[in-house]
Amino acid sequence: MPRVTTVLQLRLDAQLKHDFAEAARAQNATPSEAMRELMAGFVRQARRREAERQSRLVAASPDAEATLDDAMRAQAWLFD
């Protein structure tokens, strides 16, 4: 199944574009490859932060132990 791709357009300073392209080439990458890598890293970081935020909310909850027990039972059921 082919990957669906899309185009992202953005405005940036001409010098920044030039410097970014040079930095990408120095890493044996195209600017598009470098941007995809940066974006993927940004998404991973955002997801990790959100998971940590949710973990803190659950841990701070008065019924955190029960919530954690429920989650562990659900996980065991899913992976049995």
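The values are calculated or read from the model by the stated rules, or taken from the named source; none is laboratory data. Treat the numbers as computed from the prediction; the structure is a model and nothing was measured. We place every Cβ from the backbone using ideal geometry, glycine too, and count neighbours over all the protein chains shown. Ligands, DNA and RNA are excluded from the accessible area calculation, which covers all protein heavy atoms including side chains. Shrake-Rupley method; radii C 1.70, N 1.55, O 1.52, S 1.80 Å.
Shape class for the chain: prolate, because the ratio a/c of the largest to smallest gyration tensor axis (alpha-carbon atoms, square roots of eigenvalues) is 1.5 or more and a/b beats b/c.
For the chain, the carbon plus sulfur part of the accessible surface works out to 57%, probe radius 1.4 Å.
Gyration tensor over the Cα atoms of region 2-42: the corresponding equivalent ellipsoid has semi-axes (square roots of 5 times the eigenvalues, largest first) of 19, 14, 9 Å. Calculated mean residue ellipticity at 222 nm for the chain: -25500 deg cm²/dmol, from DSSP H runs with n ≥ 4 weighted as -39500 (n - 2.57), summed, divided by the residue count and rounded to 500. Each of His18, Met1, Ala34 was placed along the dipole of region 1-66 (beta-carbon charges, centred on the mean Cα), and the one lying farthest toward the positive end is Met1. Remark: the chain carries a charge dipole of roughly 380 debye about the Cα centre, counting +1 on each Lys and Arg Cβ and -1 on each Asp and Glu Cβ. Counting only alpha carbon atoms, the long axis of helix 14-26 and the longest principal axis of the chain meet at about 80°.
Taking all protein chains into account, the per residue accessible area for the chain stands at 98 Å² (1.4 Å probe).
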